[in-house]
Amino acid sequence: MLRALVQLPAAANKEGNARRLLDKRCDGNSRLGQLTKLGLAPVLLCTIFVLLVTYIQSVIIASNLPKLTAGLGLFSWMGVFLATAGLVMFYRCSSKDPGYIRMNLHDSKNMKDDEPLLKIELSNPALLAGNWSQLCATCKIVRPLRSKHCSTCDRCVEQFDHHCPWVSNCIGKKNKWDFFIFLILEVSAMLITGAVTSIRVWTDPTAPSSFGAWISHAVAHHIGAISFLIVVFSLFFGVAILTIVQASQISRNITTNEMTNMMRYSYLKGPGGRFSNPYDHGLRKNCSDFLINGYNEDTECIKEPTHPEGIGMVQLARNSNLQNGENHSHHTNGNDHVSINVDSKYTRPNHGHNHSSQCNHNVKSNGVPIGLGRGLGRYSSRPVVAT
(Lines give C-alpha, C1' and ligand atoms only; values in the text may rest on other atoms or scores of the structure.)
Protein backbone atom coordinates (compact mmCIF):
# COMPACT_ATOMS: atom_id res chain seq x y z
CA MET A 1 0.00 0.00 0.00
CA LEU A 2 2.80 2.41 0.94
CA ARG A 3 4.71 1.50 -2.20
CA ALA A 4 1.67 2.26 -4.34
CA LEU A 5 1.30 5.67 -2.73
CA VAL A 6 4.94 6.41 -3.43
CA GLN A 7 4.57 5.43 -7.11
CA LEU A 8 1.37 7.48 -7.58
CA PRO A 9 3.09 10.91 -8.05
CA ALA A 10 5.49 9.40 -10.58
CA ALA A 11 2.60 7.97 -12.60
CA ALA A 12 0.79 11.29 -12.48
CA ASN A 13 3.95 13.04 -13.64
CA LYS A 14 4.30 10.66 -16.60
CA GLU A 15 0.65 11.22 -17.55
CA GLY A 16 1.14 14.97 -17.40
CA ASN A 17 4.25 14.79 -19.57
CA ALA A 18 2.46 12.62 -22.13
CA ARG A 19 -0.47 15.06 -22.26
CA ARG A 20 1.85 18.03 -22.74
CA LEU A 21 3.69 16.17 -25.51
CA LEU A 22 0.39 15.41 -27.27
CA ASP A 23 -0.75 19.01 -26.97
CA LYS A 24 2.57 20.18 -28.37
CA ARG A 25 2.34 17.84 -31.35
CA CYS A 26 -1.28 18.79 -32.03
CA ASP A 27 -0.52 22.48 -31.70
CA GLY A 28 -1.76 24.59 -34.59
CA ASN A 29 1.79 25.69 -35.42
CA SER A 30 3.15 22.14 -35.69
CA ARG A 31 2.94 20.03 -38.84
CA LEU A 32 0.41 17.62 -37.34
CA GLY A 33 -1.70 20.54 -36.15
CA GLN A 34 -1.65 22.15 -39.59
CA LEU A 35 -2.67 18.87 -41.23
CA THR A 36 -5.49 18.52 -38.71
CA LYS A 37 -6.74 22.01 -39.50
CA LEU A 38 -6.83 21.19 -43.22
CA GLY A 39 -9.44 18.50 -42.55
CA LEU A 40 -11.09 16.87 -45.56
CA ALA A 41 -11.13 19.97 -47.75
CA PRO A 42 -8.15 18.85 -49.89
CA VAL A 43 -9.79 15.44 -50.37
CA LEU A 44 -13.04 17.01 -51.58
CA LEU A 45 -11.19 19.46 -53.82
CA CYS A 46 -9.18 16.68 -55.48
CA THR A 47 -12.32 14.53 -55.88
CA ILE A 48 -14.21 17.29 -57.70
CA PHE A 49 -11.21 18.05 -59.91
CA VAL A 50 -10.70 14.38 -60.86
CA LEU A 51 -14.41 13.97 -61.61
CA LEU A 52 -14.35 17.03 -63.86
CA VAL A 53 -11.34 15.75 -65.82
CA THR A 54 -12.88 12.27 -66.15
CA TYR A 55 -16.18 13.72 -67.34
CA ILE A 56 -14.54 15.86 -70.01
CA GLN A 57 -12.21 13.11 -71.26
CA SER A 58 -14.56 10.11 -71.09
CA VAL A 59 -17.91 11.70 -71.90
CA ILE A 60 -17.66 15.02 -73.76
CA ILE A 61 -14.64 14.51 -76.01
CA ALA A 62 -14.53 10.69 -76.00
CA SER A 63 -13.42 9.33 -79.36
CA ASN A 64 -15.38 6.06 -79.03
CA LEU A 65 -18.71 7.88 -78.61
CA PRO A 66 -20.80 9.66 -81.26
CA LYS A 67 -20.21 13.34 -81.89
CA LEU A 68 -22.22 15.66 -79.67
CA THR A 69 -25.11 17.61 -81.10
CA ALA A 70 -25.36 21.36 -80.48
CA GLY A 71 -28.06 21.06 -77.81
CA LEU A 72 -26.48 18.16 -75.95
CA GLY A 73 -23.06 19.80 -76.21
CA LEU A 74 -24.35 23.01 -74.60
CA PHE A 75 -26.01 20.94 -71.90
CA SER A 76 -22.80 18.99 -71.31
CA TRP A 77 -20.59 22.07 -70.90
CA MET A 78 -23.19 23.65 -68.61
CA GLY A 79 -22.44 20.89 -66.11
CA VAL A 80 -18.74 21.76 -66.29
CA PHE A 81 -19.52 25.44 -65.74
CA LEU A 82 -21.70 24.72 -62.69
CA ALA A 83 -19.08 22.45 -61.15
CA THR A 84 -16.37 25.08 -61.70
CA ALA A 85 -18.54 27.79 -60.14
CA GLY A 86 -19.10 25.41 -57.24
CA LEU A 87 -15.33 25.18 -56.76
CA VAL A 88 -15.18 28.98 -56.47
CA MET A 89 -17.89 28.94 -53.80
CA PHE A 90 -16.09 26.06 -52.10
CA TYR A 91 -12.95 28.19 -51.83
CA ARG A 92 -14.93 31.16 -50.48
CA CYS A 93 -16.73 29.02 -47.92
CA SER A 94 -13.52 27.31 -46.80
CA SER A 95 -11.37 30.44 -46.48
CA LYS A 96 -13.97 32.97 -45.34
CA ASP A 97 -14.52 34.12 -41.78
CA PRO A 98 -17.66 32.26 -40.64
CA GLY A 99 -18.47 34.93 -38.07
CA TYR A 100 -15.83 34.61 -35.37
CA ILE A 101 -16.58 36.65 -32.27
CA ARG A 102 -13.63 38.69 -31.08
CA MET A 103 -11.96 37.12 -28.06
CA ASN A 104 -11.31 39.03 -24.86
CA LEU A 105 -7.51 39.25 -24.81
CA HIS A 106 -7.33 41.71 -21.91
CA ASP A 107 -4.55 40.52 -19.60
CA SER A 108 -4.91 37.00 -20.98
CA LYS A 109 -1.18 36.32 -20.60
CA ASN A 110 -1.05 37.46 -16.99
CA MET A 111 -4.33 35.84 -15.95
CA LYS A 112 -4.06 32.76 -13.78
CA ASP A 113 -6.35 29.74 -13.87
CA ASP A 114 -7.89 30.48 -10.47
CA GLU A 115 -8.66 34.13 -11.25
CA PRO A 116 -12.10 35.31 -12.37
CA LEU A 117 -12.71 34.75 -16.06
CA LEU A 118 -14.36 38.10 -16.61
CA LYS A 119 -13.47 41.40 -15.02
CA ILE A 120 -15.29 43.71 -17.39
CA GLU A 121 -18.30 41.61 -18.46
CA LEU A 122 -19.72 40.96 -14.99
CA SER A 123 -22.28 43.71 -15.54
CA ASN A 124 -23.52 42.09 -18.74
CA PRO A 125 -27.35 41.88 -18.80
CA ALA A 126 -27.20 38.21 -19.81
CA LEU A 127 -25.20 37.32 -16.70
CA LEU A 128 -27.37 39.48 -14.48
CA ALA A 129 -30.39 37.62 -15.84
CA GLY A 130 -28.80 34.30 -14.88
CA ASN A 131 -27.94 33.10 -18.41
CA TRP A 132 -24.55 31.70 -17.49
CA SER A 133 -24.63 29.34 -20.46
CA GLN A 134 -23.69 32.31 -22.66
CA LEU A 135 -20.38 32.61 -20.83
CA CYS A 136 -17.45 31.18 -22.79
CA ALA A 137 -14.55 30.28 -20.53
CA THR A 138 -12.17 29.82 -23.47
CA CYS A 139 -12.79 33.08 -25.33
CA LYS A 140 -13.52 34.90 -22.04
CA ILE A 141 -16.60 36.60 -23.46
CA VAL A 142 -20.35 36.58 -23.02
CA ARG A 143 -21.42 35.30 -26.39
CA PRO A 144 -24.74 36.36 -27.92
CA LEU A 145 -27.65 34.01 -28.42
CA ARG A 146 -27.45 31.60 -31.38
CA SER A 147 -23.65 31.52 -31.14
CA LYS A 148 -21.54 28.58 -29.98
CA HIS A 149 -17.93 27.77 -29.25
CA CYS A 150 -16.49 25.41 -31.87
CA SER A 151 -14.13 22.90 -30.31
CA THR A 152 -12.37 22.33 -33.63
CA CYS A 153 -11.73 25.97 -34.50
CA ASP A 154 -11.46 26.93 -30.80
CA ARG A 155 -13.47 30.09 -31.43
CA CYS A 156 -17.00 31.30 -30.78
CA VAL A 157 -18.98 31.63 -34.02
CA GLU A 158 -21.98 33.89 -34.52
CA GLN A 159 -25.11 32.01 -35.65
CA PHE A 160 -23.16 28.76 -35.44
CA ASP A 161 -24.66 26.12 -37.74
CA HIS A 162 -22.11 23.31 -37.68
CA HIS A 163 -18.45 22.58 -38.31
CA CYS A 164 -18.12 21.00 -41.75
CA PRO A 165 -15.00 18.82 -42.10
CA TRP A 166 -15.42 18.75 -45.89
CA VAL A 167 -14.74 22.48 -46.15
CA SER A 168 -12.49 22.53 -43.05
CA ASN A 169 -14.35 25.48 -41.62
CA CYS A 170 -17.29 26.38 -39.45
CA ILE A 171 -20.57 27.30 -41.10
CA GLY A 172 -21.87 30.47 -39.50
CA LYS A 173 -23.46 33.81 -40.16
CA LYS A 174 -20.89 35.12 -42.64
CA ASN A 175 -20.36 32.07 -44.86
CA LYS A 176 -23.62 30.12 -44.73
CA TRP A 177 -24.77 31.78 -47.97
CA ASP A 178 -21.58 30.63 -49.74
CA PHE A 179 -22.04 27.12 -48.34
CA PHE A 180 -25.66 26.89 -49.51
CA ILE A 181 -24.86 28.19 -53.01
CA PHE A 182 -21.98 25.70 -53.18
CA LEU A 183 -24.41 22.87 -52.43
CA ILE A 184 -26.93 24.11 -55.01
CA LEU A 185 -24.28 24.36 -57.74
CA GLU A 186 -22.78 20.94 -57.06
CA VAL A 187 -26.15 19.18 -56.90
CA SER A 188 -27.16 20.80 -60.21
CA ALA A 189 -23.82 19.85 -61.76
CA MET A 190 -24.18 16.22 -60.64
CA LEU A 191 -27.70 16.04 -62.07
CA ILE A 192 -26.66 17.43 -65.45
CA THR A 193 -23.40 15.50 -65.83
CA GLY A 194 -25.01 12.26 -64.68
CA ALA A 195 -27.85 12.66 -67.18
CA VAL A 196 -25.47 13.48 -70.05
CA THR A 197 -23.23 10.51 -69.24
CA SER A 198 -26.19 8.13 -69.13
CA ILE A 199 -27.49 9.41 -72.48
CA ARG A 200 -24.07 9.15 -74.13
CA VAL A 201 -23.44 5.58 -72.98
CA TRP A 202 -27.00 4.40 -73.61
CA THR A 203 -27.13 5.75 -77.19
CA ASP A 204 -23.82 4.23 -78.28
CA PRO A 205 -24.57 2.80 -81.75
CA THR A 206 -21.88 0.12 -81.45
CA ALA A 207 -23.40 -1.39 -78.28
CA PRO A 208 -25.32 -4.70 -78.59
CA SER A 209 -29.07 -4.82 -78.08
CA SER A 210 -29.26 -7.33 -75.21
CA PHE A 211 -28.89 -5.90 -71.71
CA GLY A 212 -26.20 -8.30 -70.50
CA ALA A 213 -24.09 -7.79 -73.59
CA TRP A 214 -24.63 -4.03 -73.34
CA ILE A 215 -23.30 -4.00 -69.76
CA SER A 216 -20.21 -5.93 -70.82
CA HIS A 217 -19.67 -3.59 -73.78
CA ALA A 218 -20.06 -0.45 -71.63
CA VAL A 219 -17.60 -1.70 -69.01
CA ALA A 220 -15.09 -2.73 -71.67
CA HIS A 221 -15.25 0.39 -73.87
CA HIS A 222 -16.52 3.15 -71.52
CA ILE A 223 -14.89 2.35 -68.20
CA GLY A 224 -14.24 6.05 -67.50
CA ALA A 225 -17.88 7.03 -68.02
CA ILE A 226 -19.13 4.09 -65.93
CA SER A 227 -16.73 4.95 -63.09
CA PHE A 228 -17.87 8.56 -63.23
CA LEU A 229 -21.51 7.47 -63.00
CA ILE A 230 -20.84 5.23 -59.99
CA VAL A 231 -19.02 7.96 -58.03
CA VAL A 232 -21.58 10.66 -58.88
CA PHE A 233 -24.46 8.34 -57.96
CA SER A 234 -22.89 7.52 -54.58
CA LEU A 235 -22.26 11.20 -53.77
CA PHE A 236 -25.50 12.64 -55.09
CA PHE A 237 -27.95 11.44 -52.45
CA GLY A 238 -25.86 12.62 -49.50
CA VAL A 239 -25.30 16.07 -50.99
CA ALA A 240 -28.94 16.35 -52.07
CA ILE A 241 -30.22 15.49 -48.58
CA LEU A 242 -27.85 18.03 -47.03
CA THR A 243 -29.08 20.67 -49.49
CA ILE A 244 -32.73 19.96 -48.68
CA VAL A 245 -32.05 20.10 -44.93
CA GLN A 246 -30.22 23.42 -45.27
CA ALA A 247 -33.02 24.87 -47.42
CA SER A 248 -35.61 23.78 -44.87
CA GLN A 249 -33.68 25.39 -42.02
CA ILE A 250 -33.16 28.61 -43.97
CA SER A 251 -36.89 28.85 -44.63
CA ARG A 252 -37.50 28.65 -40.86
CA ASN A 253 -34.48 30.78 -39.85
CA ILE A 254 -33.00 28.10 -37.61
CA THR A 255 -29.57 26.49 -37.52
CA THR A 256 -28.44 22.88 -37.35
CA ASN A 257 -27.06 23.48 -33.86
CA GLU A 258 -30.42 24.86 -32.70
CA MET A 259 -32.29 21.92 -34.19
CA THR A 260 -29.98 19.52 -32.35
CA ASN A 261 -30.25 21.33 -29.00
CA MET A 262 -33.80 22.67 -29.24
CA MET A 263 -34.78 21.18 -25.88
CA ARG A 264 -31.69 22.59 -24.13
CA TYR A 265 -31.78 26.22 -25.22
CA SER A 266 -34.19 28.27 -23.14
CA TYR A 267 -34.76 30.88 -25.85
CA LEU A 268 -36.28 28.16 -28.07
CA LYS A 269 -38.92 27.26 -25.50
CA GLY A 270 -42.35 28.80 -25.51
CA PRO A 271 -45.21 28.55 -23.03
CA GLY A 272 -45.39 25.14 -21.42
CA GLY A 273 -41.82 24.29 -22.39
CA ARG A 274 -42.73 23.52 -25.99
CA PHE A 275 -40.46 24.34 -28.92
CA SER A 276 -40.94 27.85 -30.27
CA ASN A 277 -38.60 29.64 -32.67
CA PRO A 278 -38.70 33.39 -31.94
CA TYR A 279 -36.64 34.18 -35.05
CA ASP A 280 -39.06 32.67 -37.57
CA HIS A 281 -40.56 35.57 -39.56
CA GLY A 282 -42.29 33.44 -42.16
CA LEU A 283 -41.15 31.65 -45.30
CA ARG A 284 -41.02 34.69 -47.59
CA LYS A 285 -39.10 37.02 -45.27
CA ASN A 286 -36.70 34.33 -44.07
CA CYS A 287 -35.73 33.32 -47.61
CA SER A 288 -35.60 36.85 -49.02
CA ASP A 289 -33.42 38.16 -46.18
CA PHE A 290 -31.03 35.23 -46.49
CA LEU A 291 -30.69 35.32 -50.27
CA ILE A 292 -30.43 39.13 -50.53
CA ASN A 293 -28.44 39.99 -47.41
CA GLY A 294 -26.56 36.70 -47.11
CA TYR A 295 -27.80 36.09 -43.57
CA ASN A 296 -30.79 36.56 -41.26
CA GLU A 297 -30.80 39.11 -38.48
CA ASP A 298 -31.26 37.98 -34.87
CA THR A 299 -34.50 39.92 -34.46
CA GLU A 300 -37.23 38.20 -32.55
CA CYS A 301 -40.67 37.96 -34.07
CA ILE A 302 -43.19 39.47 -31.65
CA LYS A 303 -46.33 37.37 -31.71
CA GLU A 304 -49.61 38.52 -30.23
CA PRO A 305 -50.64 36.32 -27.30
CA THR A 306 -53.71 34.23 -27.96
CA HIS A 307 -56.09 33.89 -25.00
CA PRO A 308 -58.44 30.92 -24.76
CA GLU A 309 -62.13 31.70 -24.72
CA GLY A 310 -64.21 30.99 -21.67
CA ILE A 311 -63.23 31.11 -17.99
CA GLY A 312 -62.07 34.34 -16.43
CA MET A 313 -62.09 36.45 -19.58
CA VAL A 314 -63.24 40.03 -19.59
CA GLN A 315 -64.91 40.77 -22.89
CA LEU A 316 -66.66 44.02 -23.65
CA ALA A 317 -69.83 44.02 -25.71
CA ARG A 318 -69.47 46.32 -28.68
CA ASN A 319 -73.17 46.86 -29.17
CA SER A 320 -73.78 48.19 -25.68
CA ASN A 321 -76.65 50.35 -24.57
CA LEU A 322 -74.30 53.30 -24.19
CA GLN A 323 -73.98 53.43 -27.96
CA ASN A 324 -77.76 53.42 -28.32
CA GLY A 325 -78.20 56.21 -25.81
CA GLU A 326 -79.75 53.98 -23.16
CA ASN A 327 -79.25 54.73 -19.47
CA HIS A 328 -79.49 52.10 -16.74
CA SER A 329 -79.52 52.96 -13.08
CA HIS A 330 -78.95 50.10 -10.68
CA HIS A 331 -80.11 50.53 -7.09
CA THR A 332 -79.59 48.17 -4.23
CA ASN A 333 -82.53 46.30 -2.80
CA GLY A 334 -83.14 45.21 0.72
CA ASN A 335 -80.73 42.29 0.48
CA ASP A 336 -77.82 44.55 -0.55
CA HIS A 337 -77.65 42.99 -4.01
CA VAL A 338 -77.24 44.80 -7.30
CA SER A 339 -78.79 43.13 -10.31
CA ILE A 340 -77.04 43.84 -13.60
CA ASN A 341 -78.44 43.02 -16.98
CA VAL A 342 -75.46 41.55 -18.83
CA ASP A 343 -76.59 41.98 -22.39
CA SER A 344 -79.24 44.50 -23.22
CA LYS A 345 -79.08 43.69 -26.91
CA TYR A 346 -81.63 40.93 -26.60
CA THR A 347 -83.78 42.51 -23.89
CA ARG A 348 -86.11 45.46 -23.80
CA PRO A 349 -84.55 48.78 -22.79
CA ASN A 350 -85.09 49.96 -19.22
CA HIS A 351 -84.84 53.73 -18.98
CA GLY A 352 -84.28 54.67 -15.37
CA HIS A 353 -85.85 51.49 -14.01
CA ASN A 354 -85.41 51.09 -10.21
CA HIS A 355 -85.04 47.49 -9.11
CA SER A 356 -86.81 46.33 -5.97
CA SER A 357 -86.93 43.08 -4.05
CA GLN A 358 -90.00 41.99 -6.02
CA CYS A 359 -88.25 42.29 -9.38
CA ASN A 360 -87.68 39.09 -11.28
CA HIS A 361 -84.23 39.06 -12.96
CA ASN A 362 -84.30 35.55 -14.37
CA VAL A 363 -83.88 36.79 -17.91
CA LYS A 364 -81.89 34.51 -20.18
CA SER A 365 -78.96 36.11 -21.92
CA ASN A 366 -77.30 34.71 -24.98
CA GLY A 367 -74.63 37.41 -25.22
CA VAL A 368 -71.04 37.60 -24.09
CA PRO A 369 -70.59 38.09 -20.33
CA ILE A 370 -68.54 40.95 -19.04
CA GLY A 371 -66.71 38.50 -16.82
CA LEU A 372 -68.00 39.18 -13.32
CA GLY A 373 -67.49 35.91 -11.48
CA ARG A 374 -65.72 32.76 -12.67
CA GLY A 375 -67.34 29.93 -14.51
CA LEU A 376 -69.41 32.01 -16.92
CA GLY A 377 -68.91 30.76 -20.43
CA ARG A 378 -69.73 32.47 -23.65
CA TYR A 379 -73.21 30.99 -23.92
CA SER A 380 -74.12 31.11 -20.26
CA SER A 381 -77.81 31.88 -19.63
CA ARG A 382 -77.52 32.68 -15.91
CA PRO A 383 -77.90 36.26 -14.71
CA VAL A 384 -74.90 37.99 -13.18
CA VAL A 385 -75.36 39.07 -9.60
CA ALA A 386 -72.66 41.13 -7.88
CA THR A 387 -72.70 41.30 -4.09
Return yes or no: is Leu235 touching a helix residue (DSSP H, G or I) at 6+ places or on another chain (Cβ under 6 Å), of a type outside the set (S, T, N, Q), crowded, with 16+ Cβ neighbours inside 10 Å and assigned to a helix (DSSP H, G or I)? no
Given the conditions (1) more than 30 Å from Gly71 (Cβ to Cβ); (2) out of contact with any helix residue (DSSP H, G or I) (no Cβ under 8 Å at 6 or more places or on another chain); (3) part of a helix (DSSP H, G or I), every one holds for Leu291 apart from (2)
Out of the residues in the stretch 111-156 that are at pLDDT 85 or above and part of a strand (DSSP E or B), which is nearest to Asn261 (Cα to Cα)? Lys148
Please count how many residues of the stretch 238-255 are surrounded by 17 or more Cβ atoms within 10 Å (Cβ to Cβ) and either of a type in the set (S, T, N, Q) or at pLDDT below 90 (or both). 5
Test: residue in the stretch 151-165 that is crowded, with 17+ Cβ neighbours inside 10 Å and either small (Gly, Ala, Ser) or in contact with a Leu (Cβ under 7 Å, 6 or more places away or on another chain) (or both): no
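The values are calculated or read from the model by the stated rules, or taken from the named source; none is laboratory data. It should be emphasised that the depicted structure is a prediction, and the values quoted were computed from it without experimental measurement. As a convention, Cβ positions derive from the backbone with ideal geometry for all residues, glycine included, and neighbour counts pool all protein chains shown.
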